[in-house]
Every structure is written in C-alpha cells, then in structure tokens.
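Data first, discussion second: the structure below is written as structure tokens.
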Amino acid sequence: MRIVLIGPPGAGKGTQALMLRQALEVPHISTGDLLREAVREGTALGKAAKDYMDKGELVPDQLVTAMVEERLQRHDCRAGFILDGFPRNIPQAEDLSAHLAKEGKRLDGVVSIVVPRVELVERLSGRRVCSQCGAMYHVRFDPPRQAGVCNRCQGTLYQRSDDNAETVNARLAVYEGATAPLLAYYTSKGLLHAVDGSGTPELVFTRIREVLNSLQASPRS
Ligand code: AP5
C-alpha cells in the first residue's frame with residue numbers, strides 16, 4: 001500500500017508509522033528523520049536544512065522533494081510505503097503525484113490524524129528520543145523504565161531541539177498555514193480519511209487499521 005500520514009506536530013505520525021510498518025511490511029519514510037540524519041552527518045543537505053528546522057520552518061521544497069524521490073526509487077518501496085511528514089504543502093503533493101504517475105503508480109490513501117492542540121503541546125514537550133536506536137518515549141504517557149535511558153538499547157534519551165515551546169508554536173503555525181490546506185486538496189481527490197488521534201497509541205492504531213482494511217477491501221479503480 002502507498003499511504004501518506006498527515007497531522008500536526010505531535011499528532012503521532014511517527015508512532016503510528018512504526019506500528020504500521022510492521023503490520024504492512026512496507027518502509028516508513030519520515031522526512032523529518034531523513035533531514036535530522038543529514039544534519040547529524042553534516043551533508044550539504046543537512047547544512048542547508050538546519051536553520052529552517054531550528055526555526056520550525058519548512059525546508060525548501062526542491063531539497064525535500066529531491067530527497068523523497070530518491071528514497072522512493074529504492075527497491076524496498078516497490079511494494080509500497082508509508083510517508084510521514086511529506087507532502088507538507090500543495091506543491092509537494094503535486095510533485096509526489098507526478099512522480100508516482102511517471103511510474104504508473106498512485107496513492108491508496110491519506111490518513112489525517114486529528115488531535116486537539118492542547119494535547120499536541122503536551123505530547124511534544126514530554127517527548128524523548130533514544131540517541132542510539134531512535135525509540136520514542138514520553139515522560140508521562142510512555143516513560144522509560146529508568147529515567148533518561150532507553151529500555152531497548154540502554155542509549156541516552158534526549159529532547160529534540162525543535163521541541164521547545166517557541167519552536168513548537170512556530171511548527172503548529174506552519175502546519176495551519178501550509179499543511180492544513182492539503183486536507184481539502186486530498187478530500188477533493190477522494191483520498192482523505194480522518195482518524196481520531198486521541199487515546200492510547202494502540203487505540204489510534206486500531207482506528208487506522210480499520211481505514212486501511214476498508215481501502216484494501218475496495219481498492220481505487
Ligand atoms: P518532523 O520530524 O516531521 O516533525 P513534525 O511533523 O513536527 O512531527 P513530529 O515528529 O514532531 O510529531 P509526530 O506526529 O511524528 O508525533 P510522534 O509520533 O513523534 O519534521 C521536523 C522538521 O523537519 C520540520 O519542522 C521541517 O523543518 C522539516 N521537514 C520535515 N518534513 C518536511 C517537508 N516535507 N517539507 C519541508 N520541511 C520538512 O509523537 C509525539 C510524542 O507524543 C511522543 O513522545 C509520543 O510518544 C507521544 N505520543 C504519540 N502518540 C500518542 C498517543 N496516542 N497518546 C499519548 N502520547 C502519544
């Protein structure tokens with residue numbers, strides 16, 4: 001299946017994509033993760049992206065689109081993919097659609113994860129990530145057994161540099177301005193499925209699975 005997950009920062013896109021990756025056996029492609037990796041490695045892309053990410057702004061479309069298209073061409077995407085964090089505006093959506101069309105493919109569905117703003121801020125302020133394996137925790141909703149230490153690999157947990165209050169507000173504003181218009185865009189294409197993102201990650205996963213099951217039962221003609 002070729003799926004896009006859309007949602008504001010903290011909606012749980014990454015959390016759900018990790019669970020869906022196992023269930024669907026397709027790769028999880030997170031543009032945020034790819035960009036953070038490029039920043040860590042100090043590549044040209046990472047150097048160009050860093051300032052935008054630190055301010056909570058979108059990295060220029062041509063950089064992100066080229067990165068995604070390169071990733072989608074890899075062998076493991078032949079059976080499908082879960083895109084998390086891309087597209088993030090209408091030009092990116094149109095580039096994605098054109099790229100897939102060139103290969104005779106198209107999206108099966110777009111899942112919008114809906115969470116009240118107050119909950120988003122709480123999720124982001126408490127998020128902790130393992131510096132070694134990338135596992136995600138929340139100080140209140142999903143705390144590690146030992147504070148600051150990953151349950152899986154004993155790596156050190158850190159707080160993402162863009163999870164501070166000022167940058168979170170900027171990211172939420174960018175979502176409202178640039179990304180939310182995609183909801184109407186994908187509705188007009190008959191692709192959008194809104195899912196309630198409140199409740200435990202397992203409950204949200206069950207809701208998303210129901211949507212995907214219905215898509216698998218009646219694929220687009
Ligand atoms: P990116 O990394 O994509 O950040 P984001 O979209 O802001 O999303 P997050 O990763 O913050 O949240 P999420 O929805 O994945 O939630 P998560 O599952 O982690 O992008 C970062 C930056 O990169 C952007 O600001 C931009 O600069 C750049 N960028 C990326 N893509 C781009 C693009 N296409 N174009 C241009 N620029 C781009 O969960 C959050 C927390 O909540 C965790 O602690 C988790 O444990 C907890 N949680 C999850 N689900 C639940 C639940 N159901 N109940 C309670 N807690 C939960």
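The values are calculated or read from the model by the stated rules, or taken from the named source; none is laboratory data. Model, not experiment: these values are computed from the prediction. Counting neighbours? That spans all protein chains shown, and the Cβs are built from the backbone with ideal geometry, glycine included. To get the accessible areas, we keep the full protein, side chains included, count just its heavy atoms, and leave off ligands, DNA and RNA. Shrake-Rupley method; radii C 1.70, N 1.55, O 1.52, S 1.80 Å.
Close amide H pairs (under 5 Å, H built 1.01 Å from N) link Ile6 with Val111, Ser112, Ile113, residues at least 5 positions away or on another chain. Give me the 1.4 Å probe accessible area per residue for region 140-193, excluding ligands and nucleic acids, in Å². Using a 1.4 Å probe on heavy atoms only, each residue of region 140-193 averages 59 Å².
Taking square-rooted eigenvalues a ≥ b ≥ c of the alpha carbon gyration tensor, is region 27-131 rounded, prolate or oblate, where a/c under 1.5 means rounded and, failing that, a/b exceeding b/c means prolate? Cα axes put region 27-131 in the oblate bin. Is region 154-213 best put as rounded, prolate or oblate by its Cα gyration tensor, with a ≥ b ≥ c the root eigenvalues, rounded for a/c under 1.5, and otherwise prolate when a/b is larger than b/c, oblate when not? It comes out oblate by the Cα gyration axes. 3J(HN,Hα) along region 90-103: 5, x, 5, 5, 5, 5, 4, 4, 5, 4, 5, 4, 4, 9 Hz, from the Karplus curve 6.51 cos²θ - 1.76 cosθ + 1.60 with θ = phi - 60°, whole Hz, x for Gly and Pro. Partners of Lys47 within straight-line reach, counting lysines whose Cα lies under 17 Å from its Cα and excluding those fewer than 8 residues away in the same chain: Lys55.
Using θ = phi - 60° in the Karplus curve 6.51 cos²θ - 1.76 cosθ + 1.60, the 3J(HN,Hα) couplings for region 151-156 round to 4, 7, 10, 6, x, 7 Hz; x is entered for Gly and Pro.
Highest mean first, the peptides 82-90, 158-166, 21-29, 139-147 sorted by other C-beta atoms within 10 Å per residue fall in the order 82-90, 21-29, 158-166, 139-147. Taking only alpha carbon atoms, the chain gives an Rg to Rh ratio of 0.94, where Rh is the Kirkwood radius. Taking every alpha-carbon pair under 8 Å whose residues sit at least 6 apart, region 1-147 reaches a relative contact order of 37 percent.
Each principal axis of the Cα cloud of region 20-69 was taken in turn, and the coordinate range along them, longest first, works out to 35, 20, 19 Å. For the chain, the Cβ-based charge dipole about the Cα centre amounts to some 380 debye (Lys, Arg positive; Asp, Glu negative; other atoms uncharged).
For region 58-100, the Kirkwood estimate of hydrodynamic radius, built from reciprocal distances between every pair of different alpha carbons, is 10.7 Å.
Ignoring ligands, DNA and RNA, please state the percent of accessible area on the chain from carbon and sulfur, probe 1.4 Å. Within the chain, the accessible surface is 52 percent carbon and sulfur. Using every pair of distinct Cα positions in region 1-47, the Kirkwood expression returns a hydrodynamic radius of 11.9 angstrom.
Under the classification rounded if a/c is under 1.5, otherwise prolate if a/b is larger than b/c and oblate if not, where does region 96-182 fall, given a ≥ b ≥ c as square roots of the Cα gyration tensor eigenvalues? Taking the square roots of the gyration eigenvalues as a ≥ b ≥ c, region 96-182 is oblate. Could you tell me how far the Cα centroid of region 186-204 sits from the Cα centroid of region 25-54, in Å? Spelled out, the Cα-based centre of one part sits 25 Å from the other.
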